Amino acid sequence: MKSLLLIHDSLATKAMKLLNKTWPTWFTPTIKVNGFKMHATSWDRLIVLFIWKFGLAEAYELSMIRKLKKERMVSLDIGANIGFYALELSSTHGSHVKAYEPSPREAKALRRNLAANGVWNVSAYEVAVGERKGTATLAINDANRGDNRLLNDQFIEQRPGITTVNVISIDDFDISKVDIVKIDVQGHEISVLRGMKRTLENNYDVKVFIEFCPELLILAGNSPMEMLFELASHGFNIYRIDEKAKNIVVNTPDDLIAIAEKNGYVNLYCER
């Protein structure tokens, strides 16, 4: 499965990869998204910025986060990419965000977007987040820069697009207070949750927004049902964010997996 991940490209993926290669290095357009200046560094990220700008994806999830924001809150953005959610979470008085992004390319863009907005209450860490401290192999996606993935095989041949990254666990940081956690790590969500058990136990009122993609979970060597059980083991009530209906829905685990498989993925909201 892992080898297929690396060598199989759809026609659209190949086209975007080629298109991104034509991106002029001097061309860094700035798009204003929800009041924040964000730099595009590739054609696919430019498209994504316009999708975010016009609320064409995950708009209801964003509205939920905005309602939960409060002064002096602490948030974790795990899988921060170029900083869209980190910037949003940073905008309340006295707040602090810890943003984690393992891809050197996207971490650079993240730091640039933070600086462009004069945001200094976000700590950006160029690391992957997992169950324990160590290293991992990251596949850098040149077609979709929001789809960089950790690989299970630590000894895969090093070549362009493959790099070794440091891994930390959230519990390593001894974070005493957390209000909101956003997790989007392309199928490795279970490892993240297992590496933050103490943090979750010590923050009963924490709210968790997490991507649920059965295909990516299986590619990462995990089980979709296992992820739901992991969330439930921490006492969370699990809700599916329904972007079309603009509400949150309770589904059985089997139904939730079926819906996620049909749609490609769903975003979950978890609270206790």
* Looking only at segment 108-123, decide whether some residue is within 14 Å of the chain's Cα centre (by Cα), farther than 23 Å from R198 by Cα and not β-branched (V, I, T). => yes
* Within segment 221-264, can you find the residues that are under 19 Å from the mean Cα position of the chain (by Cα) and farther than 24 Å from V178 by Cβ? -> G221, S223, P224, D242, E243, A260, E261, N263, G264
* Structure fact -> Among the residues of segment 124-143, the number that are more than 15 Å from the chain's Cα centre (by Cα) and either in a loop (DSSP other than H, G, I, E, B) or basic (K, R) (or both) is 5
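This table checks each residue for (1) more than 21 Å from F212 (Cβ to Cβ); (2) modelled with pLDDT of 95 or more; (3) buried (at least 16 other Cβ atoms within 10 Å of the Cβ).
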{"site": "I78", "(1), (2), (3)": "no, yes, yes"}
{"site": "E101", "(1), (2), (3)": "no, yes, yes"}
{"site": "N117", "(1), (2), (3)": "yes, yes, yes"}
{"site": "Y125", "(1), (2), (3)": "yes, yes, yes"}
{"site": "G146", "(1), (2), (3)": "no, no, yes"}
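Going by the conditions given, is R194 in contact with a strand residue (DSSP E or B) (Cβ under 7 Å, 6 or more places away or on another chain), surrounded by fewer than 21 Cβ atoms within 10 Å (Cβ to Cβ) and not hydroxyl-bearing (S, T, Y)? Steps first, please.
On the way: in contact with a strand residue (DSSP E or B) (Cβ under 7 Å, 6 or more places away or on another chain): no; surrounded by fewer than 21 Cβ atoms within 10 Å (Cβ to Cβ): yes; not hydroxyl-bearing (S, T, Y): yes.
Spelling it out, it is not the case that R194 is in contact with a strand residue (DSSP E or B) (Cβ under 7 Å, 6 or more places away or on another chain), surrounded by fewer than 21 Cβ atoms within 10 Å (Cβ to Cβ) and not hydroxyl-bearing (S, T, Y).
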* **Selection status of V192, modelled with pLDDT of 95 or more and more than 25 Å from A99 (Cα to Cα)** => no
* Are there any pairs, at least 6 apart or on different chains, whose C-beta atoms fall under 6 Å, with the first in segment 190-202 and in contact (Cβ under 8 Å) with a residue 60 or more places away in the chain and the second among the small types (G, A, S) and crowded, with 16+ Cβ neighbours inside 10 Å, and if so, which? -> S191/G130; G195/G130; G195/S169
* Scan the helices (runs of 4 or more DSSP H) fully inside segment 181-272 and keep the ones with 3 or more residues being acidic (D, E). => 253-263
* Asked: Within the bounds of segment 60-76, is there any residue that is farther than 14 Å from A143 by Cα, of a type in the set (D, E), buried (at least 22 other Cβ atoms within 10 Å of the Cβ) and under 21 Å from the mean Cα position of the chain (by Cα)?
  -> no
* Structure fact -> If you go through A99, A109, A86, the only one that is of a type in the set (A, V, I, L, M) and more than 29 Å from V249 (Cα to Cα) is A109
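Looking only at segment 13-56, filter to residues that are among the polar types (S, T, N, Q) and touching a residue at least 40 places away in the same chain (Cβ under 8 Å); which one of those is nearest to Y85 (Cα to Cα)?
Going through segment 13-56, the residues among the polar types (S, T, N, Q) turn out to be 13, 20, 22, 25, 28, 30, 34, 41-42.
Of the ones still in play, those that are also touching a residue at least 40 places away in the same chain (Cβ under 8 Å) are 13, 20, 30, 34, 41-42.
Details: T13: 25, N20: 23, T30: 17, N34: 11, T41: 18, S42: 19 Å.
Among those that are among the polar types (S, T, N, Q) and touching a residue at least 40 places away in the same chain (Cβ under 8 Å), it is N34.
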* Return a yes/no flag: does segment 159-169 have any residue that is in contact with a helix residue (DSSP H, G or I) (Cβ under 7 Å, 6 or more places away or on another chain), within 20 Å of L216 (Cα to Cα) and modelled with pLDDT under 90. => no
* Are any residues in segment 182-227 of a type in the set (K, R) and out of contact with any Phe, Trp or Tyr (no Cβ under 9 Å at 6 or more places or on another chain), and if so, which ones? -> R194, K197, R198
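The values are calculated or read from the model by the stated rules, or taken from the named source; none is laboratory data. Given the structure is predicted, the values throughout are model-derived calculations rather than measurements. Don't worry about glycine lacking a Cβ; one is built from the backbone with ideal geometry, like all the others, and counts go over all protein chains shown.
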